[in-house]
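The structure under discussion appears below in the form of structure tokens.
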Amino acid sequence: MKANNQVKVAIVTGAARGIGAEVARRLASDGFAVAINYASSSKEADALVAELAAKGAKAIAVKADVANPDDVRAMFETTEARLGHVDVLVNNAGVLKTVPLADTADALYDQTFDINVRGTFNTLREAAARMNEGGRIVNFSSTTLALNMPGYAVYNATKAAVEAFTHVFAKELRGRNITVNAVAPGPIATSLFLDGKTDEQIQTFASMPPLQRLGQPEDIASVVAFLAGPDAGWINGQILRANGGIA
Ligand code: NAP
């Protein structure tokens, strides 16, 4: 357990861009020292570190392919050496390609499961041994799991696995005072959602929630900040569907 005046440490995977970057910004402004994990976006990761440092926050960029257990181990070791033991783990890194199941290539199946499922598994396994008492883990599912739209079979299967990890791991950490929850966003205006869609398709998604707009990364960052913060201490093993009311 950390003394109240010690800075808490968060790892955010896939934090150089998209939702992860906004989560890193929000946790930094909430007082966390943040490890910004990236796989390929090194320039964006460095720029975010500089942006947060300019605001007085402590942040580092850490390259790791979450699908690779050695990379994940090294990511925790680097974070511990440079920022301290980890209090918050946000498993944000993820990929989506919408393809009908019958047309899905083996390589796409493998990549989607490797990053979304094995990536989350790798960080959870590492976190079990390393995280501070009182820690918080936030996984990433998706509201697409509730919508069952064509093209989402493999992606949804990976997010179903993440939800299963969330429920079971919360119980396996009994006695450690660590919560494990997941956020399940609806459509959020990032490249994962926008790339490859026509304006018309984007408008169709934007009109689906009763709140009648696409979500923004900030909408999800605030949910993650809540789950990682002092007010969510009694929420454990839950999936929080943050989607403007789509499902
Ligand atoms: P995004 O803008 O495409 O960003 C994806 C992030 O994942 C990037 O930072 C990328 O890092 C990282 N990443 C990909 N492969 C990685 C790997 N092997 N190791 C480490 N990092 C890796 O996506 P996003 O919309 O922010 O999505 C973030 C999470 O929200 C995902 O889990 C996604 O499934 C979930 N989600 C998104 C939406 C949505 O509508 N956007 C809805 C529901 C759920 P690099 O750039 O460094 O490669």
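What to note about this one:
- Zero-based 5 Å bins, Cα pair distances in region 120-234, whole percents: 2, 10, 18, 20, 18, 13, 9, 6, 2, 0, 0
- Accessible-area composition of the chain, carbon plus sulfur, in percent [1.4 Å probe]: 51 percent
- Whole-Hz couplings from phi, Karplus 6.51/-1.76/1.60, listed for region 130-140; x for Gly and Pro: 10, 6, 5, 4, x, x, 9, 10, 10, 8, 10
- Each Lys and Arg adds +1 at its Cβ and each Asp and Glu adds -1 at its Cβ; summed about the Cα centre, region 20-92 shows a dipole of about 220 debye.
- Charged-residue dipole, Cβ positions (Lys, Arg, Asp, Glu), the chain about Cα centre, Debye nearest 20: 640 debye
- In summary, the chain shows an alpha-carbon radius of gyration equal to 0.96 times the 2.2 N^0.38 Å reference for compact globular proteins.
- Region 1-80 shape via C-alpha gyration tensor axes, a/c threshold 1.5: oblate
- 0 to 90° range, to nearest 10: angle between helix 42-54 axis and the chain longest Cα axis: 50 degrees
- Dipole magnitude (debye, nearest 20) for region 133-247, charges at Cβ of Lys, Arg, Asp, Glu: 340 debye
- Given charges at Cβ of Lys, Arg, Asp, Glu: region 164-246 dipole, positive-most of F165, P209, G245: F165
- Modelled FRET efficiency - R0 30 Å, A129 with A105, Cβ distances, 0.05 increments: 0.25
- Taking the longest Cα principal axis of the chain as reference, the axis of helix 153-172 is set at about 30 degrees.
- Cα centroid of region 136-163 to Cα centroid of region 1-64, whole Å: 25 Å
- Protection proxy ranking of 96-106, 147-157, by the mean of other Cβ atoms within 10 Å over each peptide's residues and highest first, is 147-157, 96-106.
- Here the Gaussian network model covers the chain, with springs between Cα atoms less than 10 Å apart; of A170, A54, A161, A54 fluctuates the most.
The values are calculated or read from the model by the stated rules, or taken from the named source; none is laboratory data. Small disclaimer: the values here were computed from a predicted structure and weren't measured. Note that we place each Cβ from the backbone using ideal geometry, even for glycine, and neighbour counts take in every protein chain shown. Remember, those area values only see protein heavy atoms, side chains included, never the ligands or the DNA or RNA. Shrake-Rupley method; radii C 1.70, N 1.55, O 1.52, S 1.80 Å.
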